[in-house]
Structures are given as structure tokens and as C-alpha cells.
Amino acid sequence: MKPYKIQMEIAGDTAMWTRPDTGDCPVSYPAPTYSAVAGIFKAVAWGPAIEVVPFRCEICEPLHFHNYATNYNGPLKKGGKEGAYQFFATVLTDVCYRLYAYVYPARNKSNLPKKSLEWDRKTTSPGHAYAAIFERRLKRGQWFVQPCLGWKEFTPSYCGPFRDNTKVQKNINTVLPSMLREVFPDGYNSQPRFTYDQNVKIEKGILEYGIKAREICHD
């Protein structure tokens with residue numbers, strides 16, 4: 001099945017790509033995870049009958065880590081105690097990324113909503129159709145939901161096509177021993193199952209998300 005490439009640029013004042021191994025005071029990865037990139041694309045145009053497969057992220061601003069504190073009053077408090085408590089994190093500031101992905105028809109269609117199955121049956125090339133819809137919505141600034149930079153409160157200052165003055169930060173080189181890949185790798189409406197990539201390289205400001213065989217074997 002022919003893949004269709006989609007791409008976009010996103011920037012903002014603050015971002016948080018949470019490292020699960022950093023516990024109660026989370027620290028951000030320097031770049032978004034595979035699943036976070038897929039989520040940003042789907043925020044522009046969502047469709048469970050297709051599968052978004054990210055393959056590259058370009059870091060286009062210097063990395064600035066910043067201490068962040070907020071009051072948390074959500075359901076994950078230990079012991080169900082009343083009242084908010086102060087929550088600390090290490091976030092990124094003044095970020096900009098160029099994101100790339102391929103689009104394919106969904107492999108697992110057993111859990112798709114009825115409307116998605118009807119759209120899939122009527123569409124000769126779901127990947128091509130989604131890519132066209134995505135490009136149109138991106139240029140118009142239309143979203144399925146508001147895109148965010150990790151946490152919902154971190155909304156972008158720019159989200160759209162590539163800008164001419166954006167430059168990749170070629171001096172950024174590092175290796176991440178382990179990086180979260182996906183939380184729901186089994187498709188739409190599936191159970192959570194955390195997967196990770198090891199020894200993830202960022203070279204000359206570019207992170208390549210290794211595309212696994214199962215992600216490109218579509219009938």
C-alpha cells in the first residue's frame with residue numbers, strides 16, 4: 001500500500017513530553033514521543049480508519065529546560081485527599097518542531113465506529129483522502145481538537161505549514177537510553193500497552209522514529 005506523507009510545524013512557549021521514568025516530578029524529553037507526534041497530527045484531522053506513522057522530528061529551536069510548578073487537584077492524588085497540592089516538573093520553553101509522518105489505512109478495523117467503517121468502504125484510497133483533508137485543514141487553521149505541546153494547557157503559538165525562516169538546530173546531538181513510543185499500539189479503542197524504543201539518537205537536531213515492519217505491512 002502506497003504511503004502518503006504529511007508534515008507540519010508546531011511551536012510554542014512551553015512543552016512537556018513526559019519521561020515516565022522521572023516519577024512524581026516529571027522531566028520532559030527534548031522532543032515529542034512517537035505517540036505524541038501522531039496525536040498532534042490527529043488533532044488537526046482525526047480519523048480512526050487511517051493510521052498515522054510518524055517517522056521524523058526536527059528540533060528547530062535551542063533546548064531550554066525550565067522549572068515549572070502548578071497546583072494539582074485532579075483524581076490521581078494519593079489517598080483521595082481534598083485540596084490541591086503543588087506539582088513540580090521540568091519543562092521545555094520556546095520550542096519549535098517540524099514533524100513528518102506517513103498515512104496508511106488502518107490495519108485493525110474490528111473496533112472502528114460505524115461511521116468510520118462506512119467512510120472506509122466508500123473511499124478508494126483512505127490514506128490519500130486523509131492526507132488531502134489534513135493539508136486543507138492545516139492551511140485553514142482548522143482543528144478536530146486544539147493541538148497541544150504535550151500537556152493540554154501548553155497550546156501552540158504556531159501550528160501550520162512549514163515556515164521559510166525555520167531552521168533545524170544542527171548542534172543538538174544526544175542519545176536517549178529509553179524513550180516512550182506508544183501507549184495504545186494495538187489501534188483504536190484498544191487497551192493500554194506501553195512500548196519503548198532504546199538508544200534513540202538525535203543527530204544534528206533530527207530524531208528519526210524507527211518505522212517497524214508491522215507499521216508498514218498493510219494489505
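Any chance segment 127-141 includes a residue that's among the acidic types (Asp, Glu), touching a strand residue (DSSP E or B) at 6+ places or on another chain (Cβ under 8 Å) and not in a strand (DSSP E or B)? Break it down stepwise before answering.
If we filter segment 127-141 for residues that are among the acidic types (Asp, Glu), which is where we start, we get 135.
Keeping just the survivors that are touching a strand residue (DSSP E or B) at 6+ places or on another chain (Cβ under 8 Å) gives 135.
Subset that is not in a strand (DSSP E or B): 135.
There is at least one residue in segment 127-141 that is among the acidic types (Asp, Glu), touching a strand residue (DSSP E or B) at 6+ places or on another chain (Cβ under 8 Å) and not in a strand (DSSP E or B).
For segment 165-188, state whether one or more residues are under 30 Å from Asp21 (Cβ atoms), modelled with pLDDT under 90 and in contact with a strand residue (DSSP E or B) (Cβ under 7 Å, 6 or more places away or on another chain). Steps first, answer last, please.
Taking segment 165-188 as the starting set, the residues that turn out to be under 30 Å from Asp21 (Cβ atoms) are 168-188.
If we keep only those that are modelled with pLDDT under 90 as well, we get 183-188.
Filter again for in contact with a strand residue (DSSP E or B) (Cβ under 7 Å, 6 or more places away or on another chain), leaving 185.
Looking through segment 165-188, at least one residue is under 30 Å from Asp21 (Cβ atoms), modelled with pLDDT under 90 and in contact with a strand residue (DSSP E or B) (Cβ under 7 Å, 6 or more places away or on another chain).
State the number of residues belonging to segment 16-30 that are outside any strand (DSSP E or B), in contact with a Phe, Trp or Tyr (Cβ under 6 Å, 6 or more places away or on another chain) and crowded, with 16+ Cβ neighbours inside 10 Å. Spell out the reasoning first.
Initially, segment 16-30 is screened for residues outside any strand (DSSP E or B), giving 16-17, 19-26, 29-30.
Now drop any that are not in contact with a Phe, Trp or Tyr (Cβ under 6 Å, 6 or more places away or on another chain), which leaves 16-17, 19, 25, 29.
From what is left, the residues that are crowded, with 16+ Cβ neighbours inside 10 Å are 16-17, 19, 29.
So the answer is 4.
Would you be able to say whether some residue in segment 197-207 is under 15 Å from the mean Cα position of the chain (by Cα), of a type outside the set (D, E, K, R) and on the phi > 0 side of the Ramachandran plot?
no
Are any residues in segment 5-49 of a type in the set (D, E, K, R) and farther than 14 Å from Arg98 by Cα, and if so, which ones? Let's see the steps before the verdict.
Step one: list which residues in segment 5-49 are of a type in the set (D, E, K, R), which gives 5, 9, 13, 19, 21, 24, 42.
Matches in segment 5-49: Asp13, Arg19, Asp21, Asp24, Lys42.
If the requirement is being at pLDDT 80 or above and surrounded by 12 or more Cβ atoms within 10 Å (Cβ to Cβ), which of these qualifies: Ala131, Ala106?
Working: Ala106 fails: at pLDDT 80 or above.
After applying the criteria, what remains is Ala131.
Residues checked against (1) touching a helix residue (DSSP H, G or I) at 6+ places or on another chain (Cβ under 7 Å); (2) modelled with pLDDT of 95 or more; (3) of a type in the set (Val, Ile, Thr):
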| site | (1), (2), (3) |
| --- | --- |
| Gly12 | no, yes, no |
| Thr22 | no, no, yes |
| Val27 | no, yes, yes |
| Thr33 | no, yes, yes |
| Pro48 | yes, no, no |
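Scan segment 35-42 and give yes if some residue there is crowded, with 22+ Cβ neighbours inside 10 Å and among the hydroxyl-bearing types (Ser, Thr, Tyr), otherwise no.
Checked against the condition, which is being crowded, with 22+ Cβ neighbours inside 10 Å and among the hydroxyl-bearing types (Ser, Thr, Tyr), segment 35-42 yields no hits at all.
Can you name every residue in segment 160-201 that is hydrophobic (A, V, I, L, M, F, W, C), more than 22 Å from Tyr104 (Cβ to Cβ) and in a loop (DSSP other than H, G, I, E, B)?
Passing the criteria: Phe162, Val168, Ile172, Phe194.
The values are calculated or read from the model by the stated rules, or taken from the named source; none is laboratory data. In this text the structure is predicted, and so the values were computed from the model without any measurement. No Cβ is skipped: glycine too gets one built from the backbone with ideal geometry, and neighbour counts run over all protein chains shown.
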